[in-house]
Amino acid sequence: MKISTSIHASAGQEYAQQDRGNQSRIFAICRAVQDSYGVPYDMCMVTCLSAINSAVRGKVVIRVNDDWIEPANAFFVLCAESGTGKSPVNAFFKEPMLTFQQQWNESHSGEILQNKARALGNKKRIRALERQIEKQKDQAQFDKIVAEISALQRMSQVSALRTHGLEIFVDDITNKSLLEVMAQQGGRVAVMEAEASLFRHFVNAKPLSPIVDTLLKAFSGEPVQLKRSGEDMLVIEQPSLAMNVMVQPAVLEELGRNKAIIGRGLFGRILFYVCNPQPKYRGLAQIQSDLKAEYAETIHAILDHVESSKGRIVLSMDSEAFLEWNCFVRSFEGLHKGVGDAGEVIWEWCGKTAKHVLHLAAFIHMFESKGRWETIDRKSMSLAIQCAREFYNALLHALEIIFPESGVKLANKMLQCWVPIFELPFTARDVQRTFGVEMARTANQAIDWLFRRGLILPFQEPAQSGKVGRKHSQQYLVVRDAWFAVRNNLRNP
């Protein structure tokens, strides 16, 4: 994914930056899909990362140190208008996984049937033993029955994965059904759709909705429990949901209107990307057969390694990759916390930058390494950091869609006129009084919009020893050169 100061580079700039990834397999495949379907390159790149995320589904982890082992799992939300080619691109990158799933289930059908019969027999035996234990008075016999029940329960837990076929994907599903499918699949499942799908449950979530808690825990692998009256407790020790969806701008606008979910932390876990349509005709180029085969073989190799591994696959970083990752993460540490809903989301997202880069590095490394999976090298980390920069830029674009409303209008109104408060440090309250704004949230949105464009900067008062009383509101100063440059562009487009 290309690095640029703006969110969307022109086609000329895009092709001029080919050198930054012309040695990567991901770049070659995404470029071929772009030329064939006539879609933006970034749409192909995000969808390819989504496919790797779906194949891994949190079973790959990165060891940062003895106390930090990070599951490689991500939430990708790509926003694009209808008719921009979301469905065919999603279908191309998803197809090899559906083929692998079918082949895996066919080759393991006998084992699955045997384990189902064994699990059913174990359940019947446990019930019979439970009936015996109620009447048992001999302590030695009682202990023997308890030990047998415990052994049968452990055996059932070990063979639980083998009693169901491989089901990589789910679509539009309730919270209870999602947890049941995850339990059947060892806690790991993916969503990869060209529509809002499961994401719409989050968009329309009510206060304290269980689906939001499930998504939060399934991102980081925290244990999930489900207990319904008359049913056994369902426990998933290491849940992982790889969420990869494509939505239209209207869905993001709807997301911003749901105040029940703002501030619950899920926004900061999402890697948003916004794609503009590309003026190309589709089908002018055909994807080379060798690139198609290489992509399918790579995805199949990742899936085979993931599904055949009994435990989690642990990756490490070499010294150069660790140093580059650490330097990049530190560059976000001093970021000023913005105001308003958008500022809160940016703060949350930047707080998880270290995780985002690790996840991206793991995906890229699994795809590029050709089976040498143990150690993430500097090349994979550099590509991951480039992607993270683009996702950060895209986040700012997505937030303008999620939280537009009157804040942007007020910011433009402020740019059009120069008032006395701009000569001195001012606060959101000053903006409210000067421009007759009733809602503090609107003033905060306008200030956040101006701050993210470098038109104002936070002003820090010198510390005064012994000062008591209420803390003052954050003050800002206008960056005059940048302010008047943007103002002149608005007046003389």
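The values are calculated or read from the model by the stated rules, or taken from the named source; none is laboratory data. Source: prediction; values computed, not measured. Ideal geometry is used to build each Cβ from the backbone, glycine not excepted, and the neighbour counts take in all protein chains shown. For the accessible areas, the whole protein counts, side chains as well, though only heavy atoms, and no ligand, DNA or RNA atoms are used. Shrake-Rupley method; radii C 1.70, N 1.55, O 1.52, S 1.80 Å.
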The distance between the Cα centres of segment 206-223 and segment 77-135, in whole Å, is 22 Å
In the chain the cysteines whose Cβ sits 4.7 Å or more from every other Cys Cβ are C48, C79, C275, C327, C350, C387, C417
antiparallel share of DSSP beta bridges within the chain, to nearest 5, in %, is 35 percent
Dividing the mean separation of Cα pairs under 8 Å (6+ apart) by the residue count of the chain yields a relative contact order in percent of 21 percent
dims of segment 94-156, Cα set, principal axes, largest to smallest, nearest Å -> 59, 15, 14
By accessible area (1.4 Å), largest first, S82, S50, S109 order as S82, S109, S50
Heavy-atom accessible area of T214, protein chains in place, probe 1.4 angstrom, given in Å² to nearest 10, is 10 Å²
Under the Karplus relation with 6.51, -1.76 and 1.60 and θ = phi - 60°, whole-Hz ³J(HN,Hα) for segment 261-266, x at Gly and Pro, equal 10, 5, x, 8, x, 6
Counting only protein heavy atoms and leaving out ligands, DNA and RNA, the solvent-accessible surface of Y295 at a 1.4 Å probe, in Å² to the nearest 10, equals 0 Å²
Note to self: with every protein chain in place and a 1.4 Å probe, the chain gives an accessible area per residue in Å² of 49 Å²
Over the Cα atoms of segment 71-209 the radius of gyration and the largest Cα-Cα distance (Dmax), both in Å, equal 21.6, 74
Length gained, A91-V408, 0.36 nm per residue minus C-alpha separation, equals 110.5 nm
With no solvent term and unit scatterers on the alpha-carbon positions of segment 308-446, Debye gives log₁₀ I(q)/I(0) at q = 0.14, 0.15, 0.18, 0.22 Å⁻¹ of -0.76, -0.81, -0.99, -1.25
Nearest-0.05 FRET efficiency for L424 and R118 at R0 = 60 Å, using Cβ-Cβ distance, is 0.15
Ordering D448, D430, D213 by the accessible surface of their heavy atoms, 1.4 Å probe, largest first, yields D213, D430, D448
Simple spin-label estimate for D143/D66, 7 Å along Cα→Cβ, in nm, reads 3.8 nm
To the nearest 10 degrees, the tilt of helix 340-351 (Cα long axis) against the first principal axis of the alpha carbons of the chain is 60 degrees
In degrees rounded to 10, the 0-90 angle between helix 378-402 Cα long axis and the longest Cα principal axis of the chain is 60 degrees
Put K137, K409 in order of accessible area, largest first, probe 1.4 Å, and you get K137, K409
Helix 319-330 sits off the longest principal axis of the Cα atoms of the chain, rounded to the nearest 10 on a 0 to 90 degree scale, by 50 degrees
Given backbone amide H placed at 1.01 Å from N, residues whose amide H is under 5 Å from that of V274, ignoring those fewer than 5 places away on the same chain, are C79
Sequence order, segment 137-153: Karplus ³J(HN,Hα) from phi using 6.51 cos²θ - 1.76 cosθ + 1.60, θ = phi - 60°, Hz rounded, Gly and Pro as x, gives 10, 6, 5, 5, 5, 4, 5, 5, 5, 4, 5, 5, 4, 4, 5, 5, 5
Expected field for I287, accessible surface area in Å² at 1.4 Å probe radius, rounded to 10, holds 20 Å²
With -39,500 (n - 2.57) per DSSP H segment of 4 or more residues and division by the full residue count of the chain, the 222 nm estimate, nearest 500 deg cm²/dmol, is -17500 deg cm²/dmol
Computed on Cα atoms, Rg of segment 41-112 relative to 2.2 N^0.38 Å comes out at 1.44
Going through K86/K176; K217/K370; K59/K379; K86/K259 one by one, the pairs whose alpha carbons sit over 26 Å apart turn out to be K86/K176; K217/K370; K86/K259
Note to self: Kirkwood Rh of segment 392-447, Cα pairs, one decimal, Å, is 12.0 Å
